[in-house]
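Presented below is the structure to which this report refers.
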Amino acid sequence: MLKYILTIFFSFSVSIGCVFSQTYLNLDWSKDQIEVNSDYNSSLIGLFSKHYVEYYNSKFSDEVSIYETHHFKSLINGYIKEINNEILIPRINVIEISDVKAKITNKDSTIVYDFPTIKSFMDNDSSNENFTIYKLPGLKKNDVIEVMYTVKKNYNFNGSRNIQESFPILSADFILIQNNFKSNLKVYNTTDYKVKDSLIDNKKAKLVHFNNIKESSNEQYSTPIANKIKVSYQCYENQENITQSEYWGNLVNNVSELFFPKSINKNAEKLLKEIKNGFVTIPWNELKIANSIDTYIKNNFIISDKNDQKLNNIDYIFKQKESNDFSIIQVYTQLFELAEIEYEIAISCNRFYLKFDPDLFDPNQLREFLIYLPKSNIYISPNRIEYRATEAPDDLLGNYAMYIDKNLDYYFSEIILENKNFSKINKEILVNLPKNLKKAVINENRKFTGYWGILNRNYVYLSENEKTDFLIDYFTISGLNDKKVLKYQINNYDIDYNFRNQPLRINTKLITRDLVKKVDGKTILNVGKVIGLQSNLFNEDERINPIEINFPNEYYYDIKFMIPKGYKIANIHDLTKEKKFISVDGNVTAQFKSSANFEKNRLSIKISEFYNSLKYEKNRYDEFRDVINAAAEFYNLEIELSKN
């Protein structure tokens, strides 16, 4: 989709400039001896990493190409079990791999592999259209690996490069060789760097230098890929002086007819009449019409990944009911204009991979196209089959978006959750213990709303049917070693129930021997196991990434244990817990709270757990962790049953 978007959005011409040879042809092996601190426990230690991006004018035509080179040197740490011997080269938008060479040094020898030899190391089984993988033979602990590879790409005025890796890097450089072009640079997720103008082989360049980059951390409740240190850049003709606002404005002008058509296709009128007659009940309103249009398109139009220009033609799309994932938005906008529905187009990207930046125009941010209905603060997601007219997709929440209205005015705003109580899980659990305390019978009723409903309905949609073994196991209590499901009933599982946020309902009955055990002659009831396995942060002490959850959500449990007559509970007070996260404005934004009472052989437990914010302060990580861990600690709670 992005390739097609870029074709529509931009058209640049470039002129012949310098005719120096490409810089990668002049790079040589490093001669520096770099000492490594023995404290590193990473499997790989980056001694240096240099990223070159060169804008190169052809000597014989107006063609401008980009040569991207990664020159790096790494030490295989001696304290590891497995060695990764791969050279992985991304192939996205790559015309050719121009050169690859490697040098392996240890205390006994030095081996240099040229490009023809490297080609023989290609892993054909693992390589694909997105990556080419070479596997270096015979690597050992304490080897030093130095690699230089270069790829050639067609001209593009912008790009970005991740500098941070999953291992520490002692020194890193990003070098933009702009030649006679103008350029802009922006560094993300760190302030510890230096930028300077430079000359590389007598060509103008910008150099960004980093020292002692820590390894990235794949922590829970975070967006680790989007949080990596990276450099984004723009490079354009020297005579141009384009502001970021002009880039955004150029985008709006180029997509105006797609998003806000001035003329309505004749096929749209017939289709809207069919939708109104077949899908919309009287009385109807704007939201019902919008949702009916969305439902009809998703149920009747085919989204193809074929590279076929016909899939961009609105006449073909309407007649054949087939489109690509970008041009399908034309069907929506044609029908919305005809139905006189007020809407805006919102453009953003998945926050787990990229944080949208309004201050630097980057087409890579233009990944997700939403239709926003300002009267109801509702979104329609043309490329998300599991969504209906509802909140924005959860992986876009908290990211900024570009909003375009019918007057072709645009503004930037954060995508927010309109309904703060959108996503809930409600569980009613009744546990009957027999006199011999061996086989417990558990009846459970679950209700999922919001993103929980959308997520779980999608699991059902992608399954062969609604009662597969996977779904039955997934929708019953997790963490029980001995579980036999006697009843499983699922209702409201069709995706259309996501409109109006109607709950997905699941009723189950199971038996298990896993709740009661004997320890040193005592009878122990594993009360906490009935809430299922819980995520935890027991092993995380130092927080690296900012705290960011999947989406605000709530859990409510109403649990009843029917205990055989003649038993009492020794430590019921252990079931009462409370942990809070209080924000700076005094509101409780995260909490776990449980309470219990025992009366007439019935143990009643109520649990409330919620996270009302998408993001939490990193410097208050311990407080956030306490709330998360409270649920995990409850799962491990046991009480003693003793006879009266």
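Could you look through the range 521-571, keep only residues that are part of a loop (DSSP other than H, G, I, E, B) and basic (Lys, Arg), and pick out the one that is farthest from the chain's Cα centre (by Cα)?
Residue satisfying both the conditions and the ranking: 565.
For the range 198-206, does any single residue satisfy the condition of being at pLDDT 95 or above and open to solvent by 10 Å² or more (accessible area, probe 1.4 Å)?
Among the residues of the range 198-206, at least one is at pLDDT 95 or above and open to solvent by 10 Å² or more (accessible area, probe 1.4 Å), which makes the answer yes.
Spot the failing condition for residue 193; the list is (1) in contact with an Asp or Glu (Cβ under 8 Å, 6 or more places away or on another chain); (2) under 29 Å from residue 30 (Cβ atoms); (3) open to solvent by 20 Å² or more (accessible area, probe 1.4 Å), and only one is missed.
Against the list (1) in contact with an Asp or Glu (Cβ under 8 Å, 6 or more places away or on another chain); (2) under 29 Å from residue 30 (Cβ atoms); (3) open to solvent by 20 Å² or more (accessible area, probe 1.4 Å), residue 193 comes up short only on (1).
When you go through 76, 66, 145, 95 one by one, which is the residue that is open to solvent by less than 30 Å² (accessible area, probe 1.4 Å), of a type in the set (A, V, I, L, M) and within 28 Å of residue 360 (Cα to Cα)?
Step by step, each of 76, 66, 145, 95 is checked, and only 66 is open to solvent by less than 30 Å² (accessible area, probe 1.4 Å), of a type in the set (A, V, I, L, M) and within 28 Å of residue 360 (Cα to Cα).
Considering the range 20-48 alone, what residues qualify as being modelled with pLDDT under 85 and either in contact with a Leu (Cβ under 6 Å, 6 or more places away or on another chain) or open to solvent by less than 80 Å² (accessible area, probe 1.4 Å) (or both)?
Hits for the range 20-48 are 21, 34, 36, 40, 42, 43.
Could you figure out which of (1) farther than 30 Å from residue 242 by Cβ; (2) modelled with pLDDT of 95 or more isn't true of residue 51?
With (1) farther than 30 Å from residue 242 by Cβ; (2) modelled with pLDDT of 95 or more applied to residue 51, the lone miss is (1).
Residue-by-condition table, conditions (1) small (Gly, Ala, Ser); (2) farther than 18 Å from residue 373 by Cβ; (3) part of a helix (DSSP H, G or I):
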| position | (1), (2), (3) |
| --- | --- |
| 268 | yes, yes, yes |
| 278 | yes, yes, yes |
| 298 | no, no, yes |
| 319 | no, yes, yes |
| 331 | no, no, yes |
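If I ask for residues that are part of a strand (DSSP E or B), of a type in the set (Val, Ile, Thr) and open to solvent by less than 10 Å² (accessible area, probe 1.4 Å), which ones from the range 401-453 would you list?
Once the filter is applied, which keeps residues that are part of a strand (DSSP E or B), of a type in the set (Val, Ile, Thr) and open to solvent by less than 10 Å² (accessible area, probe 1.4 Å), the range 401-453 yields 404, 429, 431, 442.
With the condition kept exactly as written, say whether any residue in the range 299-313 is under 20 Å from residue 378 (Cβ atoms), open to solvent by 20 Å² or more (accessible area, probe 1.4 Å), without any contact (Cβ under 8 Å) to a residue 12 or more places away in the chain and under 31 Å from the mean Cα position of the chain (by Cα).
For the range 299-313, residues under 20 Å from residue 378 (Cβ atoms), open to solvent by 20 Å² or more (accessible area, probe 1.4 Å), without any contact (Cβ under 8 Å) to a residue 12 or more places away in the chain and under 31 Å from the mean Cα position of the chain (by Cα): present.
Go through the range 467-492 and count every residue that is buried (at least 19 other Cβ atoms within 10 Å of the Cβ) and either in a helix (DSSP H, G or I) or among the hydroxyl-bearing types (Ser, Thr, Tyr) (or both).
Count: 2.
From the list 256, 245, exactly one residue is open to solvent by less than 70 Å² (accessible area, probe 1.4 Å) and small (Gly, Ala, Ser). Which is it?
After ruling out the rest, the residue left standing is 256.
Specify the residue that is surrounded by the fewest Cβ atoms within 10 Å (Cβ to Cβ); the eligible residues are those in the range 315-351 that are acidic (Asp, Glu) and touching a residue at least 12 places away in the same chain (Cβ under 8 Å).
This residue is 315.
Between 626, 622, which is under 22 Å from residue 220 (Cβ atoms), open to solvent by 40 Å² or more (accessible area, probe 1.4 Å) and touching a Lys or Arg at 6+ places or on another chain (Cβ under 6 Å)? Walk me through how you get there before you give the answer.
Details: 622 fails: touching a Lys or Arg at 6+ places or on another chain (Cβ under 6 Å).
Exactly one of 626, 622 is under 22 Å from residue 220 (Cβ atoms), open to solvent by 40 Å² or more (accessible area, probe 1.4 Å) and touching a Lys or Arg at 6+ places or on another chain (Cβ under 6 Å), namely 626.
Of the residues 358, 374, 382, which is more than 24 Å from residue 546 (Cβ to Cβ) and either aliphatic (A, V, I, L, M) or surrounded by fewer than 22 Cβ atoms within 10 Å (Cβ to Cβ) (or both)?
374
Out of curiosity, is residue 387 open to solvent by 30 Å² or more (accessible area, probe 1.4 Å), of a type in the set (Phe, Trp, Tyr) and either over 27 Å from residue 93 (Cα atoms) or at pLDDT 95 or above (or both)? Before you say what the answer is, go through the steps one by one.
On the way: open to solvent by 30 Å² or more (accessible area, probe 1.4 Å): no; of a type in the set (Phe, Trp, Tyr): yes; either over 27 Å from residue 93 (Cα atoms) or at pLDDT 95 or above (or both): yes.
It is false that residue 387 is open to solvent by 30 Å² or more (accessible area, probe 1.4 Å), of a type in the set (Phe, Trp, Tyr) and either over 27 Å from residue 93 (Cα atoms) or at pLDDT 95 or above (or both).
Hey, does the range 390-398 have a residue that's under 12 Å from residue 344 (Cβ atoms), over 17 Å from the mean Cα position of the chain (by Cα) and assigned to a strand (DSSP E or B)? Break it down stepwise before answering.
At the first step, the residues of the range 390-398 found to be under 12 Å from residue 344 (Cβ atoms) are none.
No, the range 390-398 contains no residue that is under 12 Å from residue 344 (Cβ atoms), over 17 Å from the mean Cα position of the chain (by Cα) and assigned to a strand (DSSP E or B).
Here are the criteria: (1) open to solvent by 50 Å² or more (accessible area, probe 1.4 Å); (2) touching a residue at least 60 places away in the same chain (Cβ under 8 Å); (3) farther than 19 Å from residue 558 by Cα. Tell me which single one residue 505 does not satisfy.
(3)
The values are calculated or read from the model by the stated rules, or taken from the named source; none is laboratory data. Everything numeric in this text was worked out from a predicted model, so none of it was measured. In this analysis, Cβ positions are derived from the backbone assuming ideal geometry, glycine residues included, and neighbour counts consider all displayed protein chains. Areas reflect the complete protein model, heavy atoms only, side chains present, ligands, DNA and RNA absent. Shrake-Rupley method; radii C 1.70, N 1.55, O 1.52, S 1.80 Å.
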